[in-house]
Structure formats: C-alpha cells, structure tokens
Ligand SMILES: C[S@@+](CC[C@H](N)C(=O)[O-])C[C@H]1O[C@@H](n2cnc3c(N)ncnc32)[C@H](O)[C@@H]1O
C-alpha cells in the first residue's frame with residue numbers, strides 16, 4: 001500500500017495535529033457514538049488518534065487502525081492512548097469484531113480511488129460490525145468543487161514549527177474522472193528543503209456513495225450536510241453518511 005508523505009514523512013507526521021486540530025467533526029462523532037450507545041468502536045484510518053482517544057471513555061472497547069506506523073506512533077504518545085487497541089493495517093486485517101460503530105474521519109473514504117477497493121473496504125467493514133451496527137464517515141461533495149480553493153494563492157501560509165519556519169501551500173495538478181491529484185509543498189526555510197507530498201482523492205457523488213453502501217449490505221440511515229446536523233443538500237460542502245449494517249434477513253435494495 002502506497003501512503004502519501006503526509007502520513008510517512010516523520011516531520012509532516014509530527015505537524016499533522018497542528019494542521020488538523022480538534023474541531024466540530026470530533027464533537028459530531030462523539031455525539032453520534034453516545035447517541036447510538038456504541039460500546040465496541042473501530043476508528044479506521046485513525047491517524048494520530050485524536051478522535052480515537054476521546055472515544056475511549058468508560059467501558060468502551062475502542063480499536064484504532066491505520067496503515068501508517070508513523071501516524072500510530074504519534075497516537076500512542078497521547079495520554080489516553082493506553083485505553084485503545086492500536087492496529088497497523090487497513091480494513092482487511094479486522095475480521096469479525098462484532099462492533100457497534102465504525103468511523104472513518106478526516107475524509108479517509110476519499111483515499112479509496114477505484115471502486116473495487118472501496119467495495120472491498122465496505123465488505124470488510126460489514127464483516128467487522130455486528131448486524132445492526134453502524135458505519136459513519138464523511139466525504140467532500142463533488143458539486144462544491146473544494147479543489148478550486150486548493151491553489152497556491154488560496155492556501156499559502158507561513159508557520160512556526162518545532163522544525164523552524166515553514167511555508168506551506170497546495171497546487172492541483174489534475175482533475176479527471178472524479179479524481180483530484182494535488183501536491184502539498186512543505187518548505188523548510190532554514191535548509192530550503194521542499195518536501196512535496198503527492199495526493200490523489202476520489203470525489204464520489206451522493207448517489208455513488210449511497211449505492212455502494214446498499215450494494216455492500218447497508219441501509220443509509222441519514223446523510224448530513226454539515227457538522228451541526230444540517231440536512232444534506234446539493235450545495236452542501238460535505239456529505240456525512242450514517243449507515244446501518246442490515247440484519248441477515250433484510251434485503252439490500
Ligand atoms: C487525513 S488522515 C485522517 C486521520 C484521522 N482519521 C483524522 O480524522 O485526523 C488519513 C489517514 O488514512 C490513513 N490511510 C491511508 N490509506 C488507508 C487505507 N487504505 N485504509 C485505512 N486508512 C488509510 C492514513 O495513513 C492517514 O492516517
């Protein structure tokens with residue numbers, strides 16, 4: 001599995017929490033877990049474990065799984081990390097877990113570029129959940145064209161970091177077939193080194209995501225358009241899916 005440098009370069013991994021601080025998304029998923037009375041929770045693509053650690057309260061059993069050992073190393077340094085079971089890998093290593101809820105946050109769902117990979121991941125998630133268990137994730141709505149804001153002019157920032165002053169910006173290289181290929185520049189000013197991280201994300205439509213969930217044996221329970229439980233509309237920037245694994249006797253259509 002080829003991971004982009006944001007998740008493997010030791011300095012970029014150290015800066016991940018600075019660039020992606022706690023926010024309304026964290027509160028959204030914590031509220032959902034409480035509302036669903038979820039005790040066994042899996043955070044797939046947990047990264048540095050910000051949400052994972054917050055989920056791990058009381059008697060909950062929480063698994064944080066991510067293919068990047070560097071991201072998991074940051075997660076494991078967090079104070080509450082000992083309450084979480086950390087697993088290196090992707091959904092294929094989960095097997096049956098009888099989980100009540102599986103989350104994929106930080107637009108992890110957009111990492112699966114081809115439909116076969118996405119379908120296989122949903123199949124593994126289905127297996128990891130108990131019948132009636134939930135999967136919840138967000139994906140950027142393609143109609144909002146978020147990548148239009150990912151140019152150098154829109155994203156350039158200078159920041160102070162433990163590695164000295166840095167300049168960071170994005171550039172989009174190609175938009176084709178629902179995939180956006182872009183680079184993140186990370187210029188370390190002291191040395192002049194520019195760590196260039198290539199990323200490609202898939203922008204699936206609401207219909208594509210809903211259909212893929214149905215085909216994998218889920219019922220779409222709700223789709224929100226923002227972190228404050230606003231209804232999804234065509235103009236929403238986000239699509240936040242909450243879907244339930246069908247009981248064995250339920251039809252998938
Ligand atoms: C944008 S980060 C999100 C991290 C965290 N969920 C958050 O909200 O901050 C994406 C994460 O997905 C992980 N990832 C990459 N490929 C993956 C895959 N095939 N399955 C699961 N996670 C993957 C990366 O290693 C990275 O930690």
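The values are calculated or read from the model by the stated rules, or taken from the named source; none is laboratory data. Source: prediction; values computed, not measured. Here Cβ is always computed from backbone atoms with ideal geometry, including for glycine, and neighbour counts include all displayed protein chains.
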Sole exception among (1) crowded, with 17+ Cβ neighbours inside 10 Å; (2) away from the ligand (no atom under 11 Å from the Cβ); (3) part of a loop (DSSP other than H, G, I, E, B) for residue 96, by number: (1)
Check on residue 204, part of a loop (DSSP other than H, G, I, E, B) and either under 18 Å from the mean Cα position of the chain (by Cα) or loosely packed, with under 15 Cβ neighbours inside 10 Å (or both): yes
Single residue of 120, 109 found to be touching a residue at least 12 places away in the same chain (Cβ under 8 Å), in a helix (DSSP H, G or I), surrounded by 19 or more Cβ atoms within 10 Å (Cβ to Cβ) and within 13 Å of the ligand (Cβ to nearest atom): 109
Number of the condition not met by residue 82 [criteria: (1) more than 29 Å from residue 179 (Cα to Cα); (2) without any contact (Cβ under 8 Å) to a residue 24 or more places away in the chain; (3) not in a helix (DSSP H, G or I)]: (3)
Considering residues of the stretch 17-40 that are buried (at least 16 other Cβ atoms within 10 Å of the Cβ), at pLDDT 95 or above and within 13 Å of the ligand (Cβ to nearest atom) only, the residue farthest from the chain's Cα centre (by Cα): 28
Scope the stretch 207-253; condition within 12 Å of residue 140 (Cα to Cα) and under 20 Å from the mean Cα position of the chain (by Cα); matching residues: 209, 224, 225, 226, 232, 236, 237, 238, 239, 240, 241
Test for residue 52: is it touching a residue at least 24 places away in the same chain (Cβ under 8 Å), within 13 Å of the ligand (Cβ to nearest atom) and under 17 Å from residue 85 (Cβ atoms): yes
Within the stretch 58-79, considering residues that are assigned to a loop (DSSP other than H, G, I, E, B) and touching a residue at least 12 places away in the same chain (Cβ under 8 Å), the one surrounded by the most Cβ atoms within 10 Å (Cβ to Cβ): 68
